[in-house]
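Read the structure below first, then the notes.
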Amino acid sequence: MSSWRERITENLTRIHHRIQQAALSAGRDPSEVRLVVVTKYVTPDLARLLVELGQVDLGESRPQELWKKADCMRDLPVRWHLVGHLQRNKVRRTLPLCHLIHSVDTVRLLDELENEAQRLDLHPQVLLEVNVSGDPNKHGFAPHELPGVIDQASRWQRVHIAGLMTMAALGHVGQAAAADFARLRQLRDELKARVPVGHSLQELSMGMSGDFEEAIAEGATWIRIGSAIFDALCDPANQVNREA
Ligand SMILES: *Cc1c(COP(=O)(O)O)cnc(C)c1O
């Protein structure tokens, strides 16, 4: 465990350095870029370590795993981020645990979040996931659906839309990933003027271990990193949970 501690500490330091460099080379203030460490590869014990290192923004891609870790880590000041698909029947249990839901992908889910937020007296922050590459295996709104969603956003009074989220298309690295991220930023810029009061599109959640520097160059405000922190722990044999 102590050697994992050293490796994770080292990796986290290295990532912070790379974030700072990427922001500075893009002419951005590094404090505009915030990091979510995605803990889906590791047990709650290892996830605790991150919090001890001062990394309180943690993410999970599966609601059940988020419930489990949030329960094991109740004593710690974690801000939980859901970064994967949320089914409507899991909203009630997930909503009170989350600081930010990055992966809202349907109007029906927005309606369900609004209902539960009223019931629980919460004001949740969410991002709209956008399938910029049109990959049929990915969740998210199609870019052409977004204007319609934004135009009806005043009906969500409790739920606060705070921005957009995307993933680069499978196989897109380097310039190709950068183009996917640029597309999300352009969509945001096109939509900004029609956002109703109570909502905003300030946040852009984009960039993972393999492409976060490209995402920062294109304006990411949240990056979501797992494997670059946990390296060998992401080996499938060690994985507690995998993306479908
Ligand atoms: C797993 C996951 C990440 C982190 O990916 P890495 O490549 O391990 O950094 C980010 N976002 C989402 C939605 C994920 O499911």
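The values are calculated or read from the model by the stated rules, or taken from the named source; none is laboratory data. Note that the coordinates shown come from a computational prediction; the quantities given were computed from them, not determined experimentally. Please note: Cβ atoms are built from the backbone with ideal geometry, for glycine as well, and neighbour counts cover all protein chains shown. We work out accessible area using only protein heavy atoms, side chains counted, and drop any ligands, DNA or RNA first. Shrake-Rupley method; radii C 1.70, N 1.55, O 1.52, S 1.80 Å.
Observations, loosely collected:
- Relative contact order for segment 134-244: 24 percent, from Cα pairs under 8 Å spaced at least 6 residues apart, divided by residue count.
- Local electrostatic count at His123 - Lys and Arg +1, Asp and Glu -1, tallied over other residues with Cβ under 14 Å: -1
- Count, lysine Cα pairs under 26 Å in the chain, 8 or more residues apart or across chains: 10
- Two-site FRET efficiency, Arg88 against Ser31, from Cβ-Cβ distance with R₀ of 35 Å, rounded to 0.05: 0.50
- Considering only alpha-carbon pairs that sit under 8 angstrom and 6 or more positions apart, the relative contact order computed for segment 53-195 is 19 percent.
- Counting charges near Ala217 (Lys, Arg +1; Asp, Glu -1) among other residues having Cβ under 15 Å from its Cβ returns a value of -3.
- Net charge of the neighbourhood of Val149, taken over other residues with C-beta under 15 Å away and scored Lys/Arg +1, Asp/Glu -1, is -3.
- Between the C-alpha center of segment 109-160 and that of segment 204-224 there is a gap of 21 Å.
- Estimated Rh, segment 1-111: Kirkwood, alpha-carbon pairs, angstrom: 15.2
- Per-pair calculated FRET efficiency, R0 = 45 Å: Asn115 and Thr43 via Cβ, rounded to 0.05: 0.85
- In the full protein context, the chain carries 46 Å² of accessible surface per residue, based on a 1.4 Å probe and ignoring ligands, DNA and RNA.
- Square roots of 5 times each gyration tensor eigenvalue, C-alpha, the chain, largest first, Å: 27, 22, 16
- Charging the Cβ of each Asp and Glu at -1 and of each Lys and Arg at +1, and nothing else, the dipole of the chain about its Cα centre rounds to 460 debye.
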